[in-house]
Amino acid sequence: MKFDPKDMTPQDVYKVFIGSVLPRAIGWVSTISADNIANLAPVSFFTVVSRQPAMVSLTLQPRSDGVTLKDTLVNIRETGQFVVNIVSLPQVNEMHKSSVEHPPEVDEFEVVGLDKLASDLVRAPRVAGAPITMECELERITPIGEVGDHVVFGKVLRIHIRDDLWLEGGRIDTVALQAVGRMASEYTVANTVFGAPVPPEVINDPSAREVRRLDGKPIGWSPMDQKGWSAAGNAKAD
């Protein structure tokens, strides 16, 4: 099958992207408004962009109405600061709940039941219990595309790493991290590793290609097939 993105709707391009660029890291972004209201939201268009200075980027779409800017973007623009919290399996439910769209005056930490930790160099709080957090200072915001997307570039001022994850030689224990990523509209946990080259018998073993679901749903189930799903996320407020 062949597609020309220019002939597709933004929603259809989004579905192809999220089902092709896998797995996607989740930047669980905490910010604070000019009125000192904390905000927390997962961003799966997130990556590193530079080593010196250390920098990360976030790509933020508008809210589900297609027009209103997300609180995360507004807060970063107004304060020039944010924190990226890395998501691990023990906090995956709270992360998912934090994707719900709330009014700007709502503190998502309180809604999902998470404690805040003070950051060292920025006003935005960190997520208590997050295995790795990165305090960031806004470098620039670049509007991009035709449907209201914005790319946020941030300089990483300080990195907090849980003690037990730090290994000799400056490495991180990626297995113990239990990092959670995005697989299309669902999630995955990074709990398999291998070094290349891989023996042919492993590559050709059907069991190596099997997907193991952790939620009890049948293979092939997807939130995108459920009524009311949108690119803004399918979490529901309690």
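The values are calculated or read from the model by the stated rules, or taken from the named source; none is laboratory data. In this text, all values refer to a predicted model and were calculated from it rather than measured experimentally. Counting neighbours? That spans all protein chains shown, and the Cβs are built from the backbone with ideal geometry, glycine included.
Do you know which of the residues in the stretch 1-46 that are within 12 Å of the chain's Cα centre (by Cα) and polar (S, T, N, Q) is surrounded by the fewest Cβ atoms within 10 Å (Cβ to Cβ)? Talk me through it step by step, then tell me what you get.
We begin by selecting, within the stretch 1-46, every residue within 12 Å of the chain's Cα centre (by Cα); these are 23-30, 40-46.
Now restrict to residues that are polar (S, T, N, Q): 30, 44.
Working: SER30: 30, SER44: 22.
Checked the stretch 1-46; the qualifying residue surrounded by the fewest Cβ atoms within 10 Å (Cβ to Cβ) is SER44.
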- Kindly indicate whether THR133 is farther than 30 Å from LYS217 by Cα, among the β-branched types (Val, Ile, Thr), crowded, with 19+ Cβ neighbours inside 10 Å and modelled with pLDDT of 95 or more. yes
Of the candidates ARG182, ARG212, the one satisfying the condition of being under 17 Å from PRO23 (Cα atoms), within 23 Å of the chain's Cα centre (by Cα) and either modelled with pLDDT under 95 or in a loop (DSSP other than H, G, I, E, B) (or both) is ARG212
Expected single match for touching a residue at least 24 places away in the same chain (Cβ under 8 Å) and either among the polar types (S, T, N, Q) or farther than 20 Å from MET224 by Cβ (or both) among SER20, SER50, SER88 is SER88
By residue number, the members of the stretch 23-47 that are in contact with a helix residue (DSSP H, G or I) (Cβ under 7 Å, 6 or more places away or on another chain), small (Gly, Ala, Ser) and touching a residue at least 60 places away in the same chain (Cβ under 8 Å) are SER33, ALA38, ALA41
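To keep it simple, each residue is scored yes or no on (1) in contact (Cβ under 8 Å) with a residue 24 or more places away in the chain; (2) in a loop (DSSP other than H, G, I, E, B).
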| position | (1), (2) |
| --- | --- |
| MET134 | yes, no |
| GLU137 | yes, no |
| THR142 | no, no |
| VAL147 | yes, yes |
| VAL156 | yes, no |
| ILE159 | yes, no |
Condition set in contact with a Ser or Thr (Cβ under 8 Å, 6 or more places away or on another chain) and either surrounded by fewer than 17 Cβ atoms within 10 Å (Cβ to Cβ) or more than 16 Å from VAL43 (Cα to Cα) (or both), scope the stretch 75-108, selection modelled with the lowest pLDDT: answer is PRO104
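Please determine whether any residue of the stretch 136-150 is out of contact with any Lys or Arg (no Cβ under 7 Å at 6 or more places or on another chain), of a type in the set (D, E, K, R) and more than 30 Å from THR68 (Cα to Cα). Write out each step before concluding.
We begin by selecting, within the stretch 136-150, every residue out of contact with any Lys or Arg (no Cβ under 7 Å at 6 or more places or on another chain); these are 138, 140, 142-150.
Among the residues that remain, those that are also of a type in the set (D, E, K, R) are: 140, 146, 149.
From what is left, the residues that are more than 30 Å from THR68 (Cα to Cα) are none.
No - not one qualifying residue is present in the stretch 136-150.
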**Asked** Would a scan of the stretch 50-58 turn up a residue that is farther than 29 Å from LEU22 by Cβ and buried (at least 18 other Cβ atoms within 10 Å of the Cβ)?
**Response** no
Exercise for review: May I ask you to verify whether ASP4 is among the acidic types (Asp, Glu) and over 21 Å from ASP107 (Cα atoms)?
Suggested key: yes
Would you confirm, using the coordinates I've provided, whether ASP115 is surrounded by fewer than 18 Cβ atoms within 10 Å (Cβ to Cβ) and closer than 13 Å to VAL127 by Cα? yes
Selection from the stretch 8-24 of residues touching a Gly at 6+ places or on another chain (Cβ under 6 Å) and under 22 Å from ARG63 (Cβ atoms) yields ARG24
